[in-house]
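Visitor: The following block contains the structure, expressed as structure tokens.
What follows is calculated from the coordinates using simple rules that are stated; it is not laboratory data. The shown structure was predicted, so the numbers you read here are calculated from the model rather than taken from an experiment. Glycine gets a Cβ as well: all are built from the backbone with ideal geometry, and neighbour counts include every protein chain shown.
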Amino acid sequence: MSRFLNEKYQKLDAYTPGEQPQDKSYIKLNTNESPYPPSGGVISAVNETEIKNLRLYSDPESARLKTALAKLYNTEAENIFVSNGSDDILNFAFMAYGSNGVIFPDITYGFYSVFAELHGIPTTVIPLNEDFTVNTSAFMGKNKLIVIANPNAPTGIALSLEVIEEIIKSNPDSIVLIDEAYVDFGAESCASLTEKYDNLLCVQTFSKSRSMAGARLGFAIAGKEIIADLEKIKYSTNPYNINRLTQVAGIAAVTDNDYYTENCKKIIQTREYVTKELEALGFRVLDSKANFVFAKSNKISGMALYEALKEKGALVRHFDKPRICEYNRITIGSRKEMEIFIEKVKEILGEL
Ligand code: PMP
């Protein structure tokens, strides 16, 4: 840290992303990426012509991309916001709506507390219930920005749409942000409720179900006023925050929606396979509706399993935090990758 850094950032505890090792090749099950490549349409959209066009700025409105998303989600382009990954949208939302404080579960996506700290937002943390479900009654009738990942991360547990709607209804004077990064793997989206409630902000991403983590593309669906707020912040920071290649790739991905729906089905089937295999080996596996499972062994500690797997070339995510340090978050890869993963777990347990 230099001596010039603004005092308010000096103690900032920045987000630690999952490892992206460049040294050797792992079965990479640590950052919830898709095991499947982008669709054929995406691959041909990112072509020589578009690369040559990189000399020009991208469309700051992302008009074609918004129109494509609006059609898919049965809404209008004015109800769509797009940004450089959904992290960008979360950041903007904390900036825009955090002035009365923010409330989110204790065990959830680690970036929420970082954004709160970055923007000096007073935070209320609600412990998850003993079974790792969200304590929804604690989110009713609060006059604060409410942030809930559905399904939650790293647990994978989803809330029903009815419960989400209760939370929205009971907080008419504050924004309810539902982070649906993993919604396409079996949970119910609140996107359609945005027509009914002017305080709902539904945030999604192309990083998981649409195999585009490296392209950095997130989007939000909400009432027109909320979208206008987010646009105002975007135009006050970085108007060209989605590059040309990502814009054309995003449009093609929306066009090829059926391909991604099929991939999600495959991932759900593989998740069921992994859950059964781990349970047979004595693991407790939480009921996941995401492209990962959160699991704890009755034979080996969370940290020891993470390390042993890494040694054997499989990378999972371990959080050295109270309540969850015995667990590992395991991304669902291809069936073949997961068969190898299960073999490695068996080897490790056999060596104890
Ligand atoms: N929300 C949750 C719950 C996540 O796990 C992630 C991925 N780390 C994100 C948002 C951000 O995803 P991205 O910026 O790649 O869209």
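Visitor: Counting each DSSP H run of 4 or more residues in the chain as -39500 (n - 2.57), what helix-only mean residue ellipticity at 222 nm follows after dividing by all residues, to the nearest 500 deg cm²/dmol?
Guide: -11000 deg cm²/dmol
Visitor: Something else: With only Lys, Arg, Asp and Glu charged, each at its Cβ (+1 for the first two, -1 for the last two), find how big the charge dipole of segment 41-256 is about the Cα centre; round to the nearest 20 debye.
Guide: 660 debye
Visitor: If you take every residue apart from Thr124 with its C-beta less than 13 Å away from the C-beta of Thr124, what net charge results, scoring Lys and Arg +1 and Asp and Glu -1?
Guide: +1
Visitor: With N set to the residue count of segment 33-168, report its C-alpha Rg divided by 2.2 N^0.38 Å to two decimal places.
Guide: That ratio works out to 1.31.
Visitor: If you don't mind, there's one more thing I want to ask. In segment 1-45, what chymotrypsin sites (Phe, Trp or Tyr not before Pro) fall in a loop by DSSP, with at most 12 other Cβ atoms inside 10 Å?
Guide: Sites meeting the loop and neighbour criteria: Phe4.
Visitor: If each residue's Cβ is checked for other Cβ atoms within 10 Å, how do Lys266, Lys336 rank with the fewest at the top?
Guide: Lys336, Lys266
Visitor: Suppose we keep just the DSSP beta bridges with both residues in segment 41-256; what percent of those would be antiparallel, to 5?
Guide: Percentage antiparallel, nearest 5: 40.
Visitor: May I ask you to list the trypsin sites (Lys or Arg not before Pro) in segment 1-75 that are in a DSSP loop and have at most 11 other Cβ atoms within 10 Å of their Cβ?
Guide: Arg3, Lys11, Lys24
Visitor: Here's a follow-up. What nm distance separates the two modelled labels at Glu225 and Asn257, each placed 7 Å from Cα along Cα→Cβ?
Guide: 2.8 nm
Visitor: If contacts are Cα pairs under 8 angstrom and at least 6 residues apart, what is the relative contact order of the chain in percent?
Guide: Relative contact order for the chain comes out at 23 percent.
Visitor: Find which of Leu230, Ser207, Ala308 sits farthest along the positive direction of the dipole of segment 203-352, computed with +1 on the beta-carbon of Lys and Arg, -1 on that of Asp and Glu, about the Cα centre.
Guide: The residue sitting most towards the positive pole is Leu230.
Visitor: What ranking do Leu161, Leu69 get, fewest neighbouring Cβ atoms within 10 angstrom at the top?
Guide: By the 10 Å Cβ count, ascending, the order reads Leu161, Leu69.
Visitor: Follow-up. Please check: in the Gaussian network model of the chain (C-alpha springs, under 10 Å), which one of Phe115, Phe319, Phe219 has the largest mean-square fluctuation.
Guide: Highest fluctuation among the options: Phe319.
Visitor: Let me ask you something else. What would the Debye equation give as log₁₀ I(q)/I(0) for segment 250-302 at q = 0.21 Å⁻¹, counting only Cα atoms as equal point scatterers?
Guide: For the requested q values the scattering log ratios are -0.75.
Visitor: One quarter of the convex hull surface, Cα atoms only: what value does that give for segment 190-298 in nm²?
Guide: 9.2 nm²
Visitor: Measure out, as a whole number of angstrom, how far apart the alpha-carbon centroids of segment 237-308 and segment 310-352 sit.
Guide: Taking the Cα centre of segment 310-352 as reference, the centre of segment 237-308 is 14 Å away.
Visitor: Could you state the number of Å between the C-alpha centres of segment 42-86 and segment 154-194?
Guide: 25 Å
Visitor: If you take the C-alpha gyration tensor of the chain, multiply each eigenvalue by 5 and take the square root, what semi-axes do you get, largest first, in whole Å?
Guide: That gives 32, 26, 21 Å for the three semi-axes.
Visitor: Moving on. Could you rank the peptides 285-292, 104-111 by their average count of other C-beta atoms within 10 Å per residue, with the highest value first?
Guide: 285-292, 104-111
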